Amino acid sequence: MTFKEFLQDRWVFLLGQTIFLLFAGVLLRLLRVSGFALGFLAFLYLALILVTLGIEFYRKKTFFDQMFQLLDQLEEKYYLSELIESPDFVEGQKLTQLFRVVSKSMNDTIAEYRRRNEDYSRYIETWVHEVKTPIASCKLIIENHSDPVTRSLEEEVDRIDQYVEQALYYTRSTVVEKDYVIRRCSLDQTVYTDVKWIDFILSQIVTNTVKYRAAEKPVLRFTAKADENQVTLRIEDNGCGISAHDLPRIFDKGFTGDNGRQVAKSTGMGLYLVKQLCDKMNIGIQAESLPGRGTTLLLTFPLSGFLLPE
């Protein structure tokens with residue numbers, strides 16, 4: 001807050017004081033007060049007003065400067081109401097009180113939505129585990145009665161199983177740290193990660209590769225390379241590839257792109273989940289592709305046995 005802004009906010013007060021000063025000057029002049037005495041009184045009055053405004057400006061400027069400085073230092077801005085100290089002027093005290101009431105209301109609302117989200121996540125996890133039983137039963141029945149019809153049905157059951165598994169990992173993707181165990185894992189090179197989560201990540205990538213495979217002689221190649229402080233897993237295919245305008249968005253939620261519009265099975269969730277889980281597990285991921293030439297995904301694992309998920 002500048003002194004100019006402070007004075008502009010008090011234009012009514014300053015206008016009133018100016019009118020009063022002019023009125024008092026005219027009145028005193030009619031009472032035959034000397035010009036020297038009139039000027040001295042006017043000087044004292046203006047000095048008193050300026051000193052009063054100066055003190056008020058300093059108190060309020062100090063408060064707002066501290067508040068904005070604290071706000072800049074906070075990553076989570078909503079903590080401001082808990083950290084800011086109540087000033088010694090009424091407007092600041094009311095503002096601080098308002099911040100705290102609004103912040104409490106927001107925290108209560110967030111807590112309620114978090115509770116609902118946790119209840120929903122628990123329901124989804126329970127549902128997934130329950131639905132896996134009839135899926136397993138269907139697979140067993142199909143295996144015991146193998147014929148062209150049941151083999152075709154088996155493909156659809158496998159798709160259902162994949163979507164159910166995807167739903168489970170989507171639910172868990174926001175709380176990876178609750179079910180995360182770091183172990184030594186071999187990718188031709190040794191890395192440290194959670195085998196179960198990385199298995200799901202790779203299964204989604206392979207499923208995507210199969211979905212958009214080359215019409216003839218499809219190829220899927222895995223290679224690993226160790227650098228000074230990381231291991232890069234390179235996954236290459238010779239599929240249809242991804243257009244330049246779609247490539248930056250392939251990890252967006254629900255994005256299917258030009259290729260996905262031609263495949264009815266595409267949901268746009270597979271690579272989104274892969275990116276979310278990689279971010280949670282501190283695994284770098286990027287994609288390279290040329291239309292008609294295939295796609296390459298690069299997974300970068302830090303060489304650390306003490307790395308925990310964010």
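The values are calculated or read from the model by the stated rules, or taken from the named source; none is laboratory data. Computed from a prediction, not measured in an experiment: that's the story for all the values here. Virtual Cβ from ideal backbone geometry, glycine too; neighbours counted across all protein chains shown. When the accessible area is computed, the model is the full protein with side chains, heavy atoms only, and any ligands, DNA or RNA have been set aside. Shrake-Rupley method; radii C 1.70, N 1.55, O 1.52, S 1.80 Å.
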**Message:** Can you report the number of residues in the range 177-218 which are surrounded by fewer than 13 Cβ atoms within 10 Å (Cβ to Cβ) and hydroxyl-bearing (Ser, Thr, Tyr)?
**Reply:** 1
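A quick yes/no check of all residues on (1) assigned to a helix (DSSP H, G or I); (2) modelled with pLDDT of 85 or more; (3) within 19 Å of Cys185 (Cβ to Cβ); (4) open to solvent by less than 40 Å² (accessible area, probe 1.4 Å):
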position	(1), (2), (3), (4)
Ala264	no, no, no, no
Gly268	no, no, no, yes
Leu271	yes, yes, no, yes
Leu277	yes, yes, yes, yes
Thr295	no, yes, no, yes
Pro309	no, no, yes, yes
**Request:** Six or more apart or on different chains, Cβ under 9 Å: which pairs go from a residue in the range 252-270 that's on the phi < 0 side of the Ramachandran plot to one that's at pLDDT 85 or above and open to solvent by 100 Å² or more (accessible area, probe 1.4 Å)? Could you list them?
**Result:** Phe255/Arg249; Asp258/His245; Met269/Lys253
**Complete:** Restricted to the range 219-242 and to residues being in a loop (DSSP other than H, G, I, E, B) and exposed (fewer than 14 other Cβ atoms within 10 Å of the Cβ), the residue modelled with the highest pLDDT is Val219
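Listed here are the residues, each with its yes/no results for (1) in contact with a Ser or Thr (Cβ under 7 Å, 6 or more places away or on another chain); (2) under 25 Å from Arg172 (Cβ atoms).
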position	(1), (2)
Asp88	no, no
Gln93	yes, no
Val102	no, no
Glu112	no, yes
Thr126	no, yes
Glu130	no, yes
Ile135	no, yes
Asp147	no, no
Ser152	no, no
**Message:** Residue under question is Tyr78, and the condition is that it be assigned to a helix (DSSP H, G or I) and surrounded by 13 or more Cβ atoms within 10 Å (Cβ to Cβ); does it hold?
**Reply:** yes
**Prompt:** From the list Ser86, Ser103, Ser121, which residue is open to solvent by less than 100 Å² (accessible area, probe 1.4 Å) and part of a loop (DSSP other than H, G, I, E, B)?
**Reply:** Ser86
**Complete:** Within the range 279-292, the residues that are in contact with a Cys (Cβ under 9 Å, 6 or more places away or on another chain) and at pLDDT below 90 are Pro291, Gly292
**Request:** Filter the range 238-256 for residues that are within 15 Å of Thr209 (Cα to Cα) and small (Gly, Ala, Ser) and give the result.
**Result:** Gly239, Gly241
